[in-house]
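Undergrad: To start, I am sharing the structure in question, which I have written as C-alpha cells.
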Amino acid sequence: MARRKKGKTSERIYNMWRTSNSEERVKWQSASQKGYDFYLNDQLTSQEKSSLESAGMPTFQINRITPIIETMKYFVTANNPRWKAVGVDGSDSNIAQVHSDISDYCWGLSNGKSVYGSVILDALAKGIGYFFIDVDMNLDNGKGDVIFKRIDPYDVFPDPMSRDFLFRDASFIIVKKRLTRSQLNQMFPEHKRKIKSASEQGIYETYSQSDRNDSDAIIAEDIITSVSESGEKDDILDYYECYEKVRVPFYNLTIQIHPTPEDLENVKMVSEQRIKDYIEESTVATKEAILNIEKQLQAGEIIEDRAFLEIQKAEKALDYGIKRKKSEIDYATQEELNRTESKIVSKEEYKILIENKQVADTILDASLFHERRIKVSCCLGSDVTLYEYILPITDFPIIPVPYLYTGTPYPMSAVIPMIGKQQEVNKAHQVMLHNANLASNLRWLYEEGSVPEEEWEQYSSSPGALLKYRQGFAPPQPVLPAPINNAFFTVTQEGKQDMEYIAGIPSSMMGFAQDQAETYRGLLANDEFGTRRIKA
C-alpha cells in the first residue's frame, strides 16, 4: 500500500510539472534564453550566421549589452544588504536585535554577497532570480544552520495562475533539476536503493537560438558529459522538488498541571510561613494599639468604658484579620495547585495524547483549527518518490526577484528591450565593414580567357603589382562598390545612445568621458538620478 501511494505521488508531481511547462512558459523561456544569449555575446542564430558567410559578409558583433548589464549589476550589488528586524513595541528591541544578528550571521555563513550577485544577474539577464532558504543540518556540528542559496530560474516552475509579486498566492512551486546518480547518492545516501531503481529519462529541451557548436560561451544545456565514481559515463536523472501549500490540522489544548508531591510540600511550607508571619505582625500591631489605649486612659483622655470597648474591637479585628488572611492564602494556594497552560499540538500528537488515560484526564479543552504549511515532495522521474515531509513555515522558502514584473510568473529581463537596437548596431557595422572590404579588395570584370586567373587572384590586390592580359581582349574593368551612405554611421551612433537610454546607463556611468566634460557634482548627480530605475 505504501509503495503504491509513493508511486502515485511521483506520477502526480510529474504531471504537475508537465502541465506547468505550458506554451506560455516555453514562450517566456525562449525569449529569456535569447536575451541571455545576447548577454553572453551569442547574438547570431545559425541561420543568420550562414547567410552572412554565404554573402561574404563579416559575422562579428559590437556587444553593447554585456557592459550595460554588468554596470547595472554593480549599482545593485555594490553595497552589502543590511538586515534589520523591528520589534512591535519598545520592549521587543533587544529580541529584534538578536534576530538581526542571526540573519547577518546566516548571510555571512552563506557567502551571501556572491549569492546576491548571482541572483541579481539572473534577474537582469534572464528576467527573474531566485533565493532559496535552506537548513543544512550538518553545519555547526550537527546543530544545523540556515543558509541562503541560488536556484537557476530555468529550473523553477511556479503555479502559472500566480499573480503575486513574491508568488505568495501560488499553490505550488516545482524545482526540476538534472542530476547524475553519483550526485544523488552523495545528496541522499539513505536512499541509494531508490536512486538505483530510477530510470533515465533521456529528454533534454533546448531553447537557445544560437549555434551552440560555434558559441564561445558554455551554458548548462551544452554539457551532456557525466562521469560516475568509477570514471565511466553516468546516468542523468530528472529530479523534482515540489513545494505545495497544504492545510494542516492542529489542536489548541488547555491542560491542567497536576502538582507533584514535592510541589505540594513546598506550597504548604510557603503558606504556613506566610500565615505565621502575618500572625506575628498583626499580634504585635494589636498589642501596640492596646498599649496606646491604656496610655490614653491613664492620661484621662478617654474613660474606662471607651478603653474597654476599643480593646475589644482591636482583639476582634486581630481574629478577623487572621481568618481572612488564612482564606486568602488558602485560595492562592489552591489556584497555584490548579494551574493550566495552553499548548498547540498536531493532530497526530493529539491522538497519541488521548490514548493515554492519565494524560487525557488533564486535557480540559481541545479546539481544532487549521494552519497553512509547506509540504515538500521529492521524486525521480515519474516512478520513484524519495521522501515527503511538511516544513514548519507558512510561506515558500523560494523568494523570486523579478526585474520587470508583468503580473505573471514570467517577467521580462533588462536585455529584451535592447535586442532590436543591438541587432541594428551589429548590422550597420557589418554593412560598413563589408563595404570597406569591397573597396580595398576590388572585384574585376573580364572576358573569359583574357587574363591568367591564378595570377590575377594572387596579385590583383598587391601594391605595385604588374598584371597582364592577353592581346585582342578588352582590358579587365574594376567593379567598384557603391559609396556607402553616411546614414549607416548615424544609425550606429544613435543605436548606441538608444541602448543607453533604454537601459538607463549612460556612458558616463561606465567611467567613459563624454564630448562635453562634466563637473564632479554633475557626475555624482548623474549616478544618483541615473540609478533610480534600477533601484525601483
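Read-outs throughout are calculated quantities, based only on the coordinates presented, and are distinct from any laboratory measurement. Remember, predicted model here, so these are calculated numbers, not experimental data. As a convention, Cβ positions derive from the backbone with ideal geometry for all residues, glycine included, and neighbour counts pool all protein chains shown.
Undergrad: Based on C-alpha coordinates, I'd like the Rg and Dmax of the chain, in Å.
TA: 41.4, 170
Undergrad: Calculate log10 I(q)/I(0) of the stretch 170-271 for q = 0.13 Å⁻¹, where I(q) comes from the Debye formula with a single equal point scatterer on each Cα and nothing for solvent.
TA: The Cα Debye sum returns log10 ratios of -0.72.
Undergrad: Using the count of nearby Cβ atoms within 10 Å as a rough guide to exposure, how do Phe38, Phe529 rank from fewest to most?
TA: Numbers: Phe38 26, Phe529 10.
With the sparsest Cβ surroundings first, the list reads Phe529, Phe38.
Undergrad: Sorted from fewest to most neighbouring beta carbons within 10 Å, what does the list Leu433, Leu44, Leu121 look like? Don't jump to the answer; show the numbers that get you there.
TA: On the way: Leu433 13, Leu44 24, Leu121 20.
Sorted ascending by nearby Cβ count, the order is Leu433, Leu121, Leu44.
Undergrad: While we're here: Relative to the longest principal axis of the chain, what angle (0 to 90°, nearest 10) does the C-alpha long axis of helix 487-503 take?
TA: Approximately 10 degrees, to the nearest ten.
Undergrad: What number does the stretch 48-168 give for Rg over Rh if you use C-alpha atoms and the Kirkwood radius? Don't jump to the answer; show the numbers that get you there.
TA: Values: Rg = 21.1 Å, Rh = 18.2 Å.
With Rh from the inverse mean 1/r over Cα pairs, Rg/Rh is 1.16.
Undergrad: Counting only residues 5 or more places away or on other chains, whose amide H sits under 5 Å from the amide H of Tyr387 once H atoms are built in the peptide plane?
TA: When sequence neighbours closer than 5 places are left aside, the close amide H contacts are Cys378.
Undergrad: Further question: I need Ser30, Ser382, Ser342 ordered by Cβ neighbour count within 10 Å, fewest first.
TA: Working: Ser30 13, Ser382 20, Ser342 10.
Lowest count first: Ser342, Ser30, Ser382.
Undergrad: Longest segment of the chain with no GluC sites (Glu not before Pro) in a DSSP loop having at most 10 other Cβ atoms within 10 Å?
TA: On the way: sites that count: Glu205, Glu232, Glu448.
By the stated rule (loop sites, at most 10 other Cβ atoms within 10 Å), 233-447.
Undergrad: Give, as a single signed number, the net charge of other residues whose beta carbon lies under 15 Å from the beta carbon of Lys295, with Lys and Arg counted +1 and Asp and Glu -1. Mind dumping the intermediate values first?
TA: On the way: positive: Lys287, Arg306; negative: Glu288, Glu294, Glu301, Glu304, Glu310.
Every neighbour counted, the sum reads -3.
Undergrad: Say each of Lys313 and Asn138 gets a label point 7 Å from the Cα, pointing the same way as Cα to Cβ; how far apart are those two points in nm?
TA: Distance between label points: 8.5 nm.
Undergrad: Right, another one. Within the stretch 147-190, list the chymotrypsin sites (Phe, Trp or Tyr not before Pro) lying in a DSSP loop whose Cβ has at most 13 other Cβ atoms in a 10 Å radius. Intermediate results must be reported in sequence, preceding the final value.
TA: Details: sites: Phe148, Tyr154, Phe165, Phe167, Phe172; in loops: Phe165, Phe167.
Loop-located and lightly packed - Phe165.
Undergrad: Also: Give me the extension gain from Glu335 to Asp395: residue separation times 0.36 nm, minus the current Cα-Cα distance, reported in nm with one decimal.
TA: Values: separation 60, 0.36 × 60 = 21.60 nm, distance 4.08 nm.
Taking 0.36 nm per residue and subtracting the Cα distance, the gain is 17.5 nm.
Undergrad: About its Cα centre, how strong a charge dipole does the stretch 259-338 have in debye, to the nearest 20, once Lys and Arg get +1 and Asp and Glu get -1 at the Cβ?
TA: On the way: 12 positive and 19 negative charges, 53 e Å.
Using only the charged Cβ atoms, the result is roughly 260 debye.
Undergrad: Relative to the first principal axis of the alpha-carbon coordinates of the chain, what is the inclination of helix 520-530, with its axis defined by its Cα atoms, in degrees from 0 to 90 and to the nearest 10?
TA: Between helix and principal axis, roughly 80 degrees.
Undergrad: Next question, about the same structure. Using a 7 Å offset from the Cα along the Cα-to-Cβ direction at both Ser51 and Asp89, what is the distance between the two label points in nm, to one decimal?
TA: It is 7.1 nm.
Undergrad: Continuing with this model, one more query. Could you give the semi-axes, largest first, of the ellipsoid that matches the stretch 259-338, computed as the square roots of 5 times the alpha carbon gyration tensor eigenvalues and rounded to whole Å? Provide the component values of the computation, followed by the final result.
TA: Values: eigenvalues 296, 24, 6 Å².
Equivalent-ellipsoid dimensions as semi-axes: 38, 11, 6 Å.
Undergrad: Further question: Work out the length of the dipole vector of the chain about its Cα centre, built from +1 on the beta-carbon of each Lys and Arg and -1 on the beta-carbon of each Asp and Glu, and round it to the nearest 20 debye. Write down the numbers at each step before the final one.
TA: Working: 64 positive and 80 negative charges, 222 e Å.
Taking the Cα centre of the chain as origin, the dipole is about 1060 debye.
Undergrad: Might you report the magnitude of the Cβ-based charge dipole of the stretch 413-468 about its Cα centre, with Lys and Arg at +1 and Asp and Glu at -1, to the nearest 20 debye? The partial results should precede the final answer.
TA: Numbers: 4 positive and 7 negative charges, 103 e Å.
The dipole of the stretch 413-468 has a size of about 500 debye.
Undergrad: Hey, another quick one. Compute the FRET efficiency between Ala360 and Asn79 as 1/(1 + (r/R0)^6), taking r as their Cβ-Cβ distance and R0 = 56 Å, and round to the nearest 0.05.
TA: Values: r = 57 Å, r/R0 = 1.02.
Computed FRET efficiency for Ala360 and Asn79: 0.45.
Undergrad: Using only Cα atoms and rounding to the nearest 10 degrees, what angle (0 to 90) does helix 304-337 make with the longest principal axis of the chain?
TA: Roughly 40 degrees between the two axes.
Undergrad: Sticking with this one: Projected onto the charge dipole of the chain (+1 at Lys/Arg Cβ, -1 at Asp/Glu Cβ, origin at the Cα centre), which of Ser118, Asn266, Ser282 gives the Cα projection farthest towards the positive end?
TA: My answer, from the dipole projection, is Ser118.
Undergrad: What is the ratio of the Cα radius of gyration of the stretch 368-465 to 2.2 N^0.38 Å, with N the residue count, to two decimals?
TA: Numbers: Rg = 32.7 Å, N = 98, 2.2 N^0.38 = 12.6 Å.
Working it through for the stretch 368-465, the quotient is 2.61.
Undergrad: Can you list the residues of the stretch 249-273 with backbone N under 11 Å from a point 7 Å past the Cα of Glu349, pointing along Cα to Cβ?
TA: 250-253
Undergrad: What nm value, rounded to one decimal, do you get for the distance between Glu205 and Ala474 when each label is placed 7 Å out toward the C-beta?
TA: If labels sit at Glu205 and Ala474, their model points lie 6.1 nm apart.
Undergrad: Once the principal axes of the Cα atoms of the stretch 418-535 are found, what is the range along each, listed largest first in whole angstroms?
TA: Extents along the principal axes: 75, 28, 21 Å.
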